[in-house]
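Accompanying notes for the structure given below.
Readers should treat all values here as calculations from the given coordinates under stated rules, not as data from a laboratory. Because the structure is a prediction, the values reported are computed rather than measured. We place every Cβ from the backbone using ideal geometry, glycine too, and count neighbours over all the protein chains shown.
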Amino acid sequence: MSLSSPSLDSKPRFAVGAPRHHRYPPPHHPRTFIPCSPKRRTISASLSVTTDSAATKSLKRIESLSQVSGVLGCQWGDEGKGKLVDILAQHFDIVARCQGGANAGHTIYNSEGKKFALHLVPSGILNEDTTCVIGNGVVVHLPGLFKEIDGLESNGVSCKGRILVSDRAHLLFDFHQEVDGLRESELAKSFIGTTKRGIGPCYSSKVIRNGIRVGDLRHMDTLPQKLDVLLADAAARFSGFKYTPEMLREEVEVYKRYAERLEPYITDTVHFMNDAISQKKKVLVEGGQATMLDIDFGTYPFVTSSSPSAGGICTGLGIAPRAVGDLIGVVKAYTSRVGSGPFPTENLGPGGDLLRLAGQEFGTTTGRPRRCGWLDLVALRFSCQINGFASLNLTKLDVLSDLDEIQLGVAYKKSDGTRVDSFPGDLRLLEELQVEYEVLPGWKSDISSIRNYADLPKAAQQYVERIEELVGVPIHYIGMGPGRDALIYK
């Protein structure tokens with residue numbers, strides 16, 4: 001893969017990008033470049049590295065993490081959080097999801113290279129000593145959860161006694177998914193671009209206080225009345241939603257069976273989590289989606305319906321802020337997003353297509369092609385500010401290997417040249433912004449098999465270190481491919 005570009009020396013340069021509708025200009029559009037100054041267990045075979053010193057370094061890095069740590073996304077999701085959670089889980093007793101639902105799609109690989117696509121089950125499930133918690137902030141679609149469990153079991157992954165579902169978590173019903181699709185159709189050209197998994201409608205039920213929680217399945221005598229309220233509300237809101245008494249009877253019968261199967265999983269997870277913390281057990285929180293999709297801090301309304309940033313850990317698990325320690329932000333070496341909404345560094349030219357193909361940027365949950373562009377350091381600094389990340393995991397660095405040059409979005413400017421200091425909440429302003437790019441040389445070599453930072457080409461090291469310099473957060477982990485072993489500990 002290559003992009004046509006001017007010849008480069010080893011020093012970074014600046015390029016000022018155009019507004020989003022033509023942010024990657026055609027060849028005849030001139031660009032101006034301005035010079036700038038430049039634990040308990042031993043490490044497993046799945047964390048294999050090429051030298052003893054590298055193995056020791058990786059083990060020390062992981063075991064130095066605080067008792068309660070978290071892995072959160074920095075961008076618009078799809079950064080590769082599941083892989084890091086899977087690796088770190090070998091050194092944690094508990095892996096917990098705190099928000100979102102089956103709209104999260106985490107792809108992980110076991111030690112034999114077998115692929116698993118998870119949506120509700122925490123990514124620590126492949127590590128047999130890890131307990132997986134689905135917290136109160138998650139919305140749970142039981143048919144999907146049981147399908148995941150059955151798929152794991154059929155592939156030799158034992159789930160019995162290892163998955164705990166909060167009695168306070170809200171249930172996501174099939175009709176929530178239908179309503180999600182009706183809502184998107186209603187919005188026409190201004191649609192959000194959701195996964196249509198019913199996440200928004202389920203959280204809406206929760207917020208207007210007519211939702212049904214997992215614990216309600218223990219009281220089947222009142223379930224029909226509660227379901228009737230939910231279904232009647234949907235029918236009153238959407239003319240395309242047809243509600244009949246027969247639908248209610250069928251749904252109740254289905255959930256009687258689900259309730260029986262789910263009972264061994266139902267737990268007061270707030271008590272479980274706090275008890276585990278008091279017993280000094282190690283807890284790893286797995287975020288779904290990412291900060292730039294946060295209901296408060298993301299590109300609203302083109303966001304998810306929960307809080308995938310640090311604040312969602314406490315509200316979604318019922319643990320105190322002072323219990324939470326190291327948070328690791330996961331950021332792709334470039335940027336992608338699925339669905340509608342602002343994307344300042346989006347590459348609408350052939351470069352974006354090449355990134356999509358090289359990075360296999362198609363959604364785990366929906367299969368939709370992702371929009372791709374350069375790494376946006378303004379958005380990344382904003383994400384780091386909100387979450388207070390102790391370190392970063394830079395993923396998919398290998399995807400950039402064939403590029404002649406690589407651009408970093410380092411600043412935003414208004415059309416009159418006024419600098420914008422932070423990521424704005426004003427969507428109109430976001431659409432009109434110009435992005436100032438710093439251009440660095442590519443390394444033009446395959447780095448996917450490298451496992452020591454010192455062995456990376458100098459240009460690749462320069463790219464990593466420039467990100468650290470401009471963001472102010474160290475990069476401790478560098479992803480070099482999808483496999484468990486494809487990770488550099490810096």
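Laid out as a table, the results:
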{"quantity": "Estimated inter-spin distance, ARG61 and ASP174, nm [label 7 Å along Cα→Cβ]", "calculated": "4.6"}
{"quantity": "Residue-by-residue Karplus 3J(HN,Hα) for region 479-487, coefficients 6.51, -1.76, 1.60, Hz, glycine and proline x", "calculated": "x, 10, x, x, x, 4, 7, 7, 8"}
{"quantity": "Phi to ³J(HN,Hα) by Karplus 6.51 cos²θ - 1.76 cosθ + 1.60 over region 300-316, Hz, x for Gly, Pro", "calculated": "4, x, 7, 9, 8, 9, 9, 10, x, 8, 4, x, x, 5, 5, 6, x"}
{"quantity": "Inter-label distance, nm, simple model (7 Å from Cα along the C-beta direction), GLU246/ASN210", "calculated": "2.4"}
{"quantity": "Kirkwood hydrodynamic radius (C-alpha pairs) into Stokes-Einstein, the chain, 10 °C and 1.306 mPa s, D in µm²/s", "calculated": "68"}
{"quantity": "Packing rank of 289-300, 403-414, 174-185, where each peptide gets the mean count of other beta carbons within 10 Å, highest leading", "calculated": "289-300, 403-414, 174-185"}
{"quantity": "Per-residue HN-Hα couplings for region 395-406 [Karplus 6.51, -1.76, 1.60; θ = phi - 60°; Hz; x = Gly/Pro]", "calculated": "9, 6, 4, 5, 4, 7, 4, 9, 7, 6, 9, 10"}
{"quantity": "Region 171-260: radius of gyration and largest Cα-Cα distance (Dmax), Å", "calculated": "13.4, 43"}
{"quantity": "Descending semi-axes in Å of region 307-350, equivalent ellipsoid built from Cα gyration tensor", "calculated": "32, 13, 6"}
{"quantity": "Over 32 Å between alpha carbons, listed pairs LYS60/LYS413; LYS256/LYS332; LYS114/LYS332; LYS60/LYS196; LYS206/LYS396; LYS83/LYS414", "calculated": "LYS60/LYS413; LYS256/LYS332; LYS60/LYS196; LYS206/LYS396; LYS83/LYS414"}
{"quantity": "Relative intensity, log₁₀ I(q)/I(0), of region 331-476 from a Debye sum that treats every alpha carbon as a point, q = 0.11, 0.13, 0.15, 0.16 Å⁻¹", "calculated": "-0.43, -0.60, -0.81, -0.93"}
{"quantity": "Highest-first arrangement of 105-118, 375-388, 74-87, where packing means the average Cβ count within 10 Å", "calculated": "74-87, 375-388, 105-118"}
{"quantity": "Within the chain, helix-based [θ] at 222 nm, where runs of 4 or more DSSP H residues each add -39,500 (n - 2.57), nearest 500", "calculated": "-9000 deg cm²/dmol"}
{"quantity": "Relative pair counts by distance (%), Cα atoms of region 62-221, 5 Å bins", "calculated": "2, 8, 16, 20, 19, 15, 10, 6, 3, 1, 0"}
